[in-house]
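J.: One structure is given below, represented as structure tokens, and several questions about it will come after.
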Amino acid sequence: MGASRPAIRIRAMTPADRETWARMRHALWPQLPVDGHLNDITRMLADQPRSGYLALADDAPAGFAEFSIRPYANGCTRQPVPFLEGIWVEPRWRRLGVARALVWRLAADLASEGHVEICSDADLENLVSHAAHGAWGFAETERVVYFRRSLPRR
């Protein structure tokens, strides 16, 4: 028997959510310590154009989605473009509609601001993310491999 669907509520992140937001960001991007995420969040809340949404499932923090407004993104048709920078759901709330609710709320809010699309990306080998994006209504636009060359030191 599967878990029952929680009551999901989505709202914009506020400064009061900094600790929860930093903990969830760290779960998604563990290479940065929680304090580093707290610093990033402080800058985001002050400067924009990056913001986050908090998902509450049965009134418990269940996940987040973070977006920015980028001047350009591969595969987009308009500039500037909203870009889904990250999305993460607590393991106990996965596959219950939390991520979908986050994406739909984000899409609705961006559409009400006049945007016509939202872009995102995923690593080439992250097939779970590819499937999730498809389920959320995203369409793949292209595949890219980036290269880097170090320059000689002077």
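Any read-out appearing in this document is the output of simple, stated calculations on the displayed coordinates, not a laboratory observation. Source: prediction; values computed, not measured. Here Cβ is always computed from backbone atoms with ideal geometry, including for glycine, and neighbour counts include all displayed protein chains.
J.: Need the C-alpha centroid separation for the range 94-154 versus the range 51-73, integer Å.
T.: Using only Cα atoms, the two centres lie 13 Å from each other.
J.: Using each residue's phi in the range 104-109, evaluate 6.51 cos²θ - 1.76 cosθ + 1.60 at θ = phi - 60° and report the 3J(HN,Hα) Karplus result to the nearest Hz, with x for Gly and Pro.
T.: 5, 5, 4, 4, 5, 5
J.: Follow-up. With θ set to phi - 60°, apply the Karplus curve 6.51 cos²θ - 1.76 cosθ + 1.60 along the range 140-151 and write out the HN-Hα couplings as whole Hz, x wherever there is a Gly or Pro.
T.: For the range 140-151, the Karplus curve yields 5, 10, 6, 10, 9, 10, 8, 10, 9, 10, 5, 9 Hz.
J.: Pop a pseudo-label 7 angstrom from the Cα along the beta-carbon direction at both Ala12 and Val116 and give the gap in nm to one decimal.
T.: 2.5 nm
J.: For a quick check, take a GNM of the chain with Cα springs below 10 Å and name the residue from Val89, Val128, Val98 with the largest mean-square fluctuation.
T.: Comparing Val89, Val128, Val98 in a Gaussian network model of the chain, the most mobile one is Val128.
J.: Among Ser51, Ser112, which comes first, then next, by fewest other beta-carbon atoms within 10 Å? Could the numbers behind the result be given before it?
T.: On the way: Ser51 18, Ser112 8.
The fewest-first ordering by Cβ neighbours comes to Ser112, Ser51.
J.: May I pose another question? I'd like the FRET efficiency for Glu140 and Asp35, computed as 1/(1 + (r/R0)^6) with the beta carbon distance as r and R0 of 41 Å, rounded to 0.05.
T.: 0.70
J.: Write out the chymotrypsin sites (Phe, Trp or Tyr not before Pro) in the range 1-109 meeting two conditions: DSSP loop, and at most 16 other Cβ atoms within 10 Å of their Cβ.
T.: On the way: sites: Trp21, Tyr53, Phe64, Phe67, Tyr72, Phe83, Trp88, Trp93, Trp104; in loops: Tyr72.
Those that pass, being in a loop and sparsely packed, are Tyr72.
J.: When each pair of different Cα atoms in the range 8-135 is counted once in the 1/r mean, what is the Kirkwood radius in angstroms, to one decimal? Spell out each step's value before the answer.
T.: Numbers: mean 1/r = 0.0664 Å⁻¹.
After inverting the mean inverse Cα-Cα distance, the result is 15.1 Å.
J.: Another question, then. Once fully extended, how much extra length lies between Val128 and Ile69, figured as 0.36 nm per residue of separation less the alpha-carbon to alpha-carbon distance? Could you put the intermediate results ahead of the total?
T.: Working: separation 59, 0.36 × 59 = 21.24 nm, distance 2.48 nm.
Contour length minus the Cα-Cα distance gives 18.8 nm.
J.: Right, here's the next one. Using a 7 Å offset from Cα along Cα-Cβ at Ala60, what residues in the range 12-46 end up with backbone N under 20 Å from the label point?
T.: 17-28
J.: Suppose every K and R has +1 on its Cβ and every D and E has -1 on its Cβ; what is the size of the dipole of the range 25-96 about the Cα centre, in Debye to the nearest 20? Before the final figure, lay out the partial values.
T.: Working: 8 positive and 8 negative charges, 60 e Å.
It comes to approximately 280 debye.
J.: If you don't mind, there's one more thing I want to ask. Where the only charges are on Cβ atoms (+1 Lys, Arg; -1 Asp, Glu), what is the dipole of the range 8-135 about its Cα centre, to the nearest 20 debye?
T.: Working: 14 positive and 16 negative charges, 49 e Å.
Once rounded to the nearest 20, the dipole reads 240 debye.
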